[in-house]
Amino acid sequence: MKTAYFEPRTDVMRLLIFVAIFSVFVVAAGSPVWTWTCKGTICEKVDFGSKNSKPLSMEECSLFCDPYGNVWPRPTGHIKLSKGRVVEIRADQVSVQYEGPCQLELRMERMINELGKIFQGHLLKMAEEETSDKVRAKPISVHLRINDTSKERIEMSTNESYVLKVQQTADGKVNVTITAPTYFGARHGLETLTQLVVLSAEGRLLMPKKASVRDHPIYKYRGILLDTARSFFPPNAIKRTLDAMAANKMNTFHWHMTDSHSFPFESKTYPNFSRYGAYSPKQIYTADDIRSIVEYGRVRGVRIIPEFDAPAHVGEGWQWVGENATVCFRAQPWTKYCFEPPCGQLNPTNDKVYDILGGLFSDFLDVFDSDIFHMGGDEVNLHCWNTSAAVTDWMDRKRHSRSEGGFIKLWAAFQNRAYNKLVAANGGKAMPVVLWTSDLTKEGRAGKYLDKDKYIIQVWTTNSDSVMGELVKKGFRVIFSNYDALYLDCGFGAWIGEGNNWCSPYIGWQKVYGNSPVAMLKKKGVQDRVARSLTLGAEATLFSEQADESALDGRLWPRAAALAERLWSDPSQGWKEAEHRMLNQRERLVKRGIAADTLQPEWCRQNQGHCRT
């Protein structure tokens, strides 16, 4: 009988053979199977199969194959890249510095420093799993040449253009120069530069060795509206939205902060508004919250415009005022007194209402830093006023007609008196005010009751509404938010009753992309020159009856990115030309922490052009 025993030398040999076989398997498994090759403007996924050439990632292929360098929104001027010639860069060796004739003020210095951190942060996030060769990879140095550093906020007159140039220096470093009239143009240029950095098939950070981009936006106003009254959104959720807007070069966040449902704004003059009107003590926007959000947006090239909607859309928060300051609040059946519950309107005959408005406007202007104020002004229910004794008794004493025309005059008087309170709160300085389209802006009324030099009209009705053409022909500046293309809360189940919500169906990104403001006006007989001079831009809206923080990112993105390109470059081509760039932009947003909805299976993104009808 033989005895079994352990032989170290034989066992070691077996182990080495196993390790060698396993290593070969791992190398084989890790070697590239696919590469992408340029066919026209499409990157085609093909079997790599070659040991003598370098595989391309889809992103590296798209960088040179796409005529716009896979940049979103696509540049309006030229974009020239050193085709196929790339340099590997190091995310841990980045500098962003100002070059210019002026000494920077403290705020501008802080903004530029923060901008540099944001840029490097994006690169570091991209490079989390990269395998850069620390010897071969090069540092990157960005020089911001800003002509006027005194402009510290976005305004209608702000020049947001930029020129971007990339070249490799003699010592191998990557040198980037961004020249812009303002900080905000330079910021856009840095966003474009971020998008020109891609991951190679091996996971290394690459960018073109040489690049030249000249770019500017077509429309001045490129906005997002968020309603934080029907649902409360924490400050960090709002800041995340500003991050996404910056990634798409959008420049205006319209904050619909109060409504009949809640009053989360903490007023310094009247603290009872948020005490009575907030959903809870934790669901209030303090002055510090708002200032933090305003500064966060400023650094990212986004101004924050507050809206105080009146005389309708008020209720919660006003209970403490008393003295018939509001009428029809929570009136039933609500269908007779408002467009959705709870009802509520200001009493335009009550002098105390105007005193309170003056205090509220002062509080808003104290914490916001915007060249524009939004006064709402939509969905006034005349039946509400005509059935409220506090209003009708005043009308009778003054011998004013209680006809529709009489109440329209009362409404117009309220609007202009409220406007004067805003001007007084602004130190006597006039400022542009935005109003929604309403019965006050119907054909034949806007020019009669509203001053085109004071008011900008935001159009929320459908593109078939003839009033948009009349408004522009009368000289009013307009912002488009036609609900058939730009209300991103549409297409879900009804929240009152059953069926679908009022503005169904769901709006796909393709319709958003094709929603050209100037094209709509030209169909209404407006000359191209007039349409372009009076159309400030457009705004995608998210009213929050059926959306809170958990749904925020997916409802807005990436559909709002489609509007961003429409407003930045106003392309003559349709959505099909933009499809693969849109899919890649959605991936960028996700990698930056934005939970943007997926538009197609990943297979479609990897196989460009194969998912079309």
field: Rounded to whole Hz, the Karplus (6.51, -1.76, 1.60) HN-Hα couplings of the range 150-164, x for glycine and proline
entry: 7, 7, 10, 8, 6, 9, 4, 8, 5, 8, 9, 6, 7, 10, 10
query: Just from its helices, what would the mean residue ellipticity at 222 nm be for the chain, if runs of 4 or more DSSP H residues each count -39500 (n - 2.57) and the sum is divided by every residue, rounded to the nearest 500 deg cm²/dmol?
result: -11000 deg cm²/dmol
- request: Enter the angle in degrees (range 0 to 90, nearest 10) between the Cα long axis of helix 8-30 and the first principal axis of the Cα atoms of the chain, meaning the one along which they spread out most.
  value: 50
query: Where does each of Val459, Val166, Val86 land when they are ranked from fewest to most other beta-carbon atoms within 10 angstrom?
result: Val86, Val166, Val459
task: Could you compute the FRET efficiency for Thr392 and Asn416, with r as their C-beta to C-beta distance and R0 at 22 Å, rounded to 0.05?
output: 0.55
field: trypsin sites (Lys or Arg not before Pro) restricted to the range 267-333 and DSSP loop, no more than 13 other C-beta within 10 Å
entry: Lys268, Lys282
task: Over the chain, calculate the relative contact order: mean separation of alpha carbon pairs under 8 Å at least 6 apart, over the residue count, as a percent.
output: 13
Nearby lysines by direct alpha-carbon distance to Lys151 (threshold 17 angstrom, same-chain neighbours under 8 apart not counted): Lys220
query: Which whole-number value in Å³ per residue fits the convex hull of the alpha carbons of the range 76-215?
result: 112
query: Which distance in nm do the two modelled labels at Gln319 and Ser31 give, with both placed 7 Å along the Cα-to-Cβ direction?
result: 7.4
task: Express in nm, to one decimal, how much length is gained between Thr269 and Gln332 on full extension, taking 0.36 nm for each residue of separation and deducting their alpha carbon distance.
output: 19.5 nm
task: Enter the angle in degrees (range 0 to 90, nearest 10) between the Cα long axis of helix 559-569 and the first principal axis of the Cα atoms of the chain, meaning the one along which they spread out most.
output: 90
Extension gain from Lys474 to His383, taking 0.36 nm per residue of separation minus the Cα-Cα distance: 29.8 nm
- request: Evaluate the distance, in nm, between pseudo-label points positioned 7 Å from the Cα of Ala424 and of Asn159 along their respective Cα→Cβ axes.
  value: 4.0
- line: With a 18 Å threshold on alpha-carbon distance, the violating pairs from Lys239/Lys591; Lys138/Lys591; Lys409/Lys448 are Lys138/Lys591
query: Please identify the GluC sites (Glu not before Pro) of the range 48-130 that satisfy two criteria: DSSP loop assignment and at most 12 other Cβ atoms within 10 Å. Which are they?
result: Glu105
task: Can you give me the three principal axis dimensions of the range 221-574 from its C-alpha atoms, in Å, biggest first?
output: 60, 48, 47
query: Restricting attention to the alpha-carbon atoms of the range 61-154, what are Rg (one decimal) and Dmax (integer), both in Å?
result: 16.1, 42
field: Per-residue HN-Hα couplings for the range 471-477 [Karplus 6.51, -1.76, 1.60; θ = phi - 60°; Hz; x = Gly/Pro]
entry: 4, 5, 5, 8, x, 6, 6
query: Any idea how far apart Asn500 and Lys409 come out in nm if each label point goes 7 Å out from Cα toward Cβ?
result: 4.4
- prompt: The list (1) 1.02; (2) 1.07; (3) 1.30 gives values of Rg/Rh (Cα atoms, Kirkwood Rh), and only one came from this structure; which label was calculated from it?
  reply: (2)
query: Using only Cα atoms, what is the ratio of the radius of gyration of the range 255-400 to 2.2 N^0.38 Å?
result: 1.10
- request: Would you mind ranking Arg445, Arg110 by Cβ crowding within 10 Å, fewest neighbours first?
  value: Arg110, Arg445
- line: Ordering 374-381, 37-44 by per-residue average of other C-beta atoms within 10 angstrom, highest first, gives 374-381, 37-44
- prompt: Given a cut-off of under 8 Å on Cα pairs at least six residues apart, what relative contact order in percent is computed for the range 76-215?
  reply: 37
task: Return the lysines within reach of Lys352: Cα separation strictly under 19 angstrom, same-chain partners fewer than 8 residues apart disregarded; answer none if there are no such residues.
output: Lys268, Lys398, Lys421
Length added when fully stretched, Arg529-Ser464, from 0.36 nm per residue minus Cα-Cα: 21.3 nm
task: Return a whole-number percent for the relative contact order of the range 148-280, with Cα pairs under 8 Å and 6 or more residues apart as the contact set.
output: 20
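A short reminder: the numbers here are calculations on the coordinates, not readings from a lab. Everything numeric in this text was worked out from a predicted model, so none of it was measured. Neighbour counts are summed over all protein chains in view; Cβ atoms, including those assigned to glycine, are modelled from backbone coordinates with ideal geometry.
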